[in-house]
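Read the structure below first, then the notes.
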Amino acid sequence: MEWFFPLLIVVLLAALALFYRQVTVMEYESGLFYSGGKFQRMLTSGKHGYLRGWHSIQKVDMRSRFVSVPGQELLTADNISLKISLAASYKIGDPYQVVHETDNFQEALYMVIQVNLRDIIGGINIDEVLEKRQEVAFRFDHRGDEILL
């Protein structure tokens, strides 16, 4: 019977080694900690341990990214067709929203950019587009619509 407790300790340590995992959340990332499939808390950068099978950690890259919208055929307010390309940068503000509120946030962002570009170009005439190309780009970037990702 004196062998029982050391054996129990060895078995428990082996089980812990089998299920315990560590994840490193880098400075440019944010971690989402789940327990039993339910979101518990946000994790900051550093090493975090969890029990595999009961818990999970999903990392989200928080660095600025770029998206390009290749040539789109758009109509101005005076029904002139233009082919416009757009490059935009974005940064994720809330990783919880990115993971929980959209299936694919990059596709959703692309669609929002396309719709906003159509709204902007559709609301001005060709003369304004040609005269104020830089202001049109500025207007799109600082439109007041807030896209929180």
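Here's how it looks for ASN125: its modeled amide H is under 5 Å from those of ALA77, which are all 5 or more places away or on a different chain. Within the shell of other residues whose beta carbon sits under 14 angstrom from the beta carbon of GLY31, the net charge comes to 0, with Lys and Arg scored +1 and Asp and Glu -1. Suppose the Debye formula is applied to equal point scatterers at every Cα of the chain; what is log10 I(q)/I(0) at q = 0.10, 0.17 Å⁻¹? Cα-only, vacuum Debye calculation for the chain: -0.56, -0.98.
In the frame of its principal axes, segment 4-61 has Cα extents of 47, 22, 12 Å, reported largest first. Taking θ as phi - 60° and the Karplus parameters 6.51, -1.76 and 1.60, the scalar couplings of segment 45-58 work out to 5, x, 8, 9, x, 7, 9, 4, x, 9, 10, 8, 10, 10 Hz in sequence order, x denoting glycine and proline.
Computed over segment 65-141, the Cα gyration tensor eigenvalues convert (square root of 5λ each) into semi-axes of 28, 12, 10 Å, ordered from largest to smallest. For LEU86, the amide hydrogen comes within under 5 Å of the amide hydrogens of VAL69, counting only partners 5 or more places away or on other chains and with H modelled in the peptide plane.
Secondary-structure-derived ellipticity at 222 nm for the chain, considering helices only, amounts to -11000 deg cm²/dmol, per-run term -39500 (n - 2.57) for DSSP H runs with n ≥ 4. Once C-alpha pairs closer than 8 Å and six or more residues apart are averaged by separation and normalised to the residue number of the chain, the relative contact order reads 18 percent.
Computed from the coordinates by the stated procedures, all read-outs in this text should not be read as laboratory data. Because the structure is a prediction, the values reported are computed rather than measured. Every residue, glycine as well, gets a Cβ built from its backbone with ideal geometry; the counts of neighbours run over all protein chains shown.
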